[in-house]
């Protein structure tokens, strides 16, 4: 069970790290656009161009989370375990981050066929990052200081960073102290 005190501690830690962004999956959170409107958050669909209405609802979105934002608590308390998306910290502006993150939405299979890469799904990110070489990590991270993704048990969020030596992984527990996880 996620502990409110642990969530507040993580929020405080994140607030001390640059700008906080969420990469949210509309397919995992069907009322995403209504929530973003309700919370009055700056956001943008990561998919370029005009989209069919069904795709607009299921698309990935980049969302800026200002300090003290109530949506961050909602994400941590209700989104973990439901794969709503991931968090990222950066000192880059919104446009720079959006342009950087857009370039990873498509990958190509060995036959040259394009595939949609759902790296913003925490289940994908936490498996993919450890397979990357240092140069691949530097490319993916770009202006991102850290990515945060729920762990398999959803009571822990993993902070991923990159250094010259490779990937750093720091688990941050959100469980009640002393609770079985």
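For the pair residue 169 and residue 52, a Förster radius of 41 Å applied to the C-beta separation gives a FRET efficiency near 0.65, rounded to the nearest 0.05.
Per-residue ellipticity at 222 nm, computed for the chain from helices alone with -39500 (n - 2.57) per DSSP H run of at least four residues, works out to -8000 deg cm²/dmol.
One quarter of the convex hull surface built on the alpha carbon atoms of region 116-179 amounts to 4.9 nm², the projected area averaged over directions.
Spin-label model, residue 34/residue 136: points 7 Å from Cα along the beta carbon direction are separated by 4.0 nm. Placing R0 at 30 angstrom, the Cβ-Cβ distance between residue 70 and residue 91 gives a FRET efficiency of 0.80 after rounding to 0.05.
Rounded to the nearest angstrom and listed largest first, the equivalent-ellipsoid semi-axes of the chain from its Cα gyration tensor are 24, 21, 16. Taking each residue as 0.36 nm, the span from residue 117 to residue 102 lengthens on full extension beyond its C-alpha to C-alpha distance by 4.4 nm.
Per q in 0.13, 0.18, 0.19, 0.20 1/Å, what log10 I(q)/I(0) does a Debye calculation on the alpha-carbon atoms of region 44-127 return? Taken in order of the listed q values, log10 I(q)/I(0) reads -0.50, -0.95, -1.05, -1.15.
Only the coordinates and a few stated rules stand behind these numbers; no lab work does. Please read all numbers here as calculations on a predicted model, not as lab measurements. Note: ideal-geometry Cβ built from the backbone for every residue, glycine included; neighbour counts use all protein chains shown.
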